[in-house]
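To start, the structure under review is shown below, and the notes come after it.
The values are calculated or read from the model by the stated rules, or taken from the named source; none is laboratory data. These numbers come from a predicted model, not from an experiment. Note that each Cβ is placed from the backbone with ideal geometry, even for glycine, and that neighbours are counted across all protein chains shown.
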């Protein structure tokens, strides 16, 4: 579906014109489409329900992509589970109505307190990423009088052909355990009194537009499953991670969920393994945009700048990854275009949302930074003492404020000056 489209010469979110949102809530503002969010999750659910190997599969939304309580609640009501990487995210998903029995806990630095919190909640599984973590989890589970359900995150050393910052399954990555070490580590886990082995976890990277590396990784993991079986270690679920990419620009080919899942599910036919998936960006990325207003147009000899009221503290991806987001005028103008770097007011040369964009715009115009639903608000900061943006959800012709804009006094309310 297309949640954001031009209607009567104005860019809309579903049935709502974006200028109406700007007038009511101000800018910058994150704008999400409920219909797009629901359609993205339903696409996974439909493909899984249509394949015997997908029966009983668990779709665990990767909370780090966008942790808005309203989005988490929407997915929980649709039956999703959640992939978390901190105790804070666990509290978020529980506050949003998640079933803790559908929560997987990933991440390389779980503290003892976080482990105890998750054990007390009764989560589905810990994705363990190192020997010290496994031993700590065994100790914490013993103190809690529980057996910790565990899968090991195994790096299959498959090149996902994505940005190096979001490539996670190579042997050089900080994540997971080396494929060559996995069998010995599983044998170690089986000998620990407070560990209950339930599965294998594998995640090779993010923003993957070629489904082939997923198949290559699966083949390596299935070899390990068979070796474990020969050692008397039964695997009950296979967590294939997430990482399926989205289209950020017109020349990118976005694979369908069926393109990604069908070969994997067909390969798993007859194995009797529960499939767990951890999509993040794919569920939310194209369901949101960042609405911003041009403050100034600044021509220059080398470059011209469109200075907007959103900045790198609102959307970090371009500065962090040199990531591309389409930038569209909310009300397209007729006339000649000029080439602009679209930049914010933050005092950093790296504060840009887009570079070299051909736009026909004036000061005061609204711009929509597209495909900003993932790793936008979730990575936002208060750098330069800037309040984080308002978030709104569009549902047909209705608009709901799901997170109000921060007030500046809130940003330093917890600080204290030294006594005189």
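When only residues in segment 156-180 that are under 20 Å from the mean Cα position of the chain (by Cα) and either outside any loop (DSSP other than H, G, I, E, B) or at pLDDT 95 or above (or both) count, which is surrounded by the most Cβ atoms within 10 Å (Cβ to Cβ)?
Filtering segment 156-180 for residues that are under 20 Å from the mean Cα position of the chain (by Cα) and either outside any loop (DSSP other than H, G, I, E, B) or at pLDDT 95 or above (or both), the one surrounded by the most Cβ atoms within 10 Å (Cβ to Cβ) comes out as 167.
Looking at 261, 218, can you tell me which residue is in a helix (DSSP H, G or I) and more than 21 Å from the chain's Cα centre (by Cα)? Please lay out each step first, then the result.
Numbers: 261 fails: more than 21 Å from the chain's Cα centre (by Cα).
Answer to the check: 218.
What's the number of the condition residue 54 fails, among (1) more than 18 Å from residue 370 (Cα to Cα); (2) modelled with pLDDT of 95 or more?
(2)
Where in segment 336-420 are there strands (runs of 3 or more DSSP E), lying wholly inside it, with at least 2 residues that are in contact with a helix residue (DSSP H, G or I) (Cβ under 9 Å, 6 or more places away or on another chain) and under 15 Å from residue 309 (Cα atoms)? Break it down stepwise before answering.
Numbers: elements: 338-343, 352-359, 366-369, 390-395, 398-403.
Strands (runs of 3 or more DSSP E) meeting the threshold: 352-359, 366-369.
Quick one: is residue 302 surrounded by fewer than 14 Cβ atoms within 10 Å (Cβ to Cβ) and at positive phi? Can you show your working first?
Details: surrounded by fewer than 14 Cβ atoms within 10 Å (Cβ to Cβ): yes; at positive phi: no.
No; evaluated as a whole, the condition is false for this residue.
Any residue at all in segment 243-250 that's in a strand (DSSP E or B), under 17 Å from the mean Cα position of the chain (by Cα) and closer than 18 Å to residue 278 by Cα? Walk me through it before giving the result.
Initially, segment 243-250 is screened for residues in a strand (DSSP E or B), giving 244.
In the following step, the residues that additionally are under 17 Å from the mean Cα position of the chain (by Cα) were identified as 244.
So of that shortlist, the ones also closer than 18 Å to residue 278 by Cα come out as 244.
Looking for residues that are in a strand (DSSP E or B), under 17 Å from the mean Cα position of the chain (by Cα) and closer than 18 Å to residue 278 by Cα, one finds at least one in segment 243-250, hence yes.
Among the residues of segment 290-304, write down those that are part of a loop (DSSP other than H, G, I, E, B) and under 22 Å from the mean Cα position of the chain (by Cα).
At the first step, the residues of segment 290-304 found to be part of a loop (DSSP other than H, G, I, E, B) are 299-304.
None; the set is empty.
Going by the structure shown, is residue 320 modelled with pLDDT of 95 or more and either at negative phi or surrounded by 15 or more Cβ atoms within 10 Å (Cβ to Cβ) (or both)?
no
Kindly indicate whether residue 48 is buried (at least 23 other Cβ atoms within 10 Å of the Cβ), touching a residue at least 12 places away in the same chain (Cβ under 8 Å) and part of a helix (DSSP H, G or I).
Numbers: buried (at least 23 other Cβ atoms within 10 Å of the Cβ): no; touching a residue at least 12 places away in the same chain (Cβ under 8 Å): yes; part of a helix (DSSP H, G or I): yes.
So residue 48 does not fit the description; no.
In segment 76-106, which residues are surrounded by 18 or more Cβ atoms within 10 Å (Cβ to Cβ) and in contact (Cβ under 8 Å) with a residue 40 or more places away in the chain?
81, 83, 102, 103, 104, 106
Name the residue that is farthest from residue 375 (Cα to Cα), counting only residues in segment 305-317 that are more than 20 Å from the chain's Cα centre (by Cα) and surrounded by fewer than 21 Cβ atoms within 10 Å (Cβ to Cβ).
Ranking the qualifying residues of segment 305-317, first place goes to 305.
Out of the residues in segment 323-340 that are within 27 Å of the chain's Cα centre (by Cα) and over 22 Å from residue 390 (Cα atoms), which is surrounded by the most Cβ atoms within 10 Å (Cβ to Cβ)?
Residues of segment 323-340 that are within 27 Å of the chain's Cα centre (by Cα), as a first pass: 323-330.
From the residues that got through so far, the ones that are over 22 Å from residue 390 (Cα atoms) too are 323-324.
Working: 323: 19, 324: 15.
Selected residue: 323.
Do you know which residues across segment 21-34 are surrounded by fewer than 16 Cβ atoms within 10 Å (Cβ to Cβ) and either without any contact (Cβ under 8 Å) to a residue 60 or more places away in the chain or in a helix (DSSP H, G or I) (or both)?
Keep residues of segment 21-34 that are surrounded by fewer than 16 Cβ atoms within 10 Å (Cβ to Cβ), which gives 23-24, 26.
Matches in segment 21-34: 23, 24.
Looking at this structure, is residue 122 at negative phi, at pLDDT 75 or above and surrounded by fewer than 23 Cβ atoms within 10 Å (Cβ to Cβ)? Steps first, answer last, please.
Working: at negative phi: no; at pLDDT 75 or above: yes; surrounded by fewer than 23 Cβ atoms within 10 Å (Cβ to Cβ): yes.
Judged against the criteria, residue 122 is not a match.
So if I check each of 220, 247, 227, which one is modelled with pLDDT of 95 or more and touching a helix residue (DSSP H, G or I) at 6+ places or on another chain (Cβ under 9 Å)?
Values: 220 fails: modelled with pLDDT of 95 or more; 247 fails: modelled with pLDDT of 95 or more.
That would be 227, the only listed residue that is modelled with pLDDT of 95 or more and touching a helix residue (DSSP H, G or I) at 6+ places or on another chain (Cβ under 9 Å).
Would you confirm whether or not segment 4-14 contains a residue that is modelled with pLDDT under 95, touching a strand residue (DSSP E or B) at 6+ places or on another chain (Cβ under 6 Å) and surrounded by fewer than 20 Cβ atoms within 10 Å (Cβ to Cβ)?
Quick first cut of segment 4-14, residues modelled with pLDDT under 95 only: none.
No, segment 4-14 contains no residue that is modelled with pLDDT under 95, touching a strand residue (DSSP E or B) at 6+ places or on another chain (Cβ under 6 Å) and surrounded by fewer than 20 Cβ atoms within 10 Å (Cβ to Cβ).
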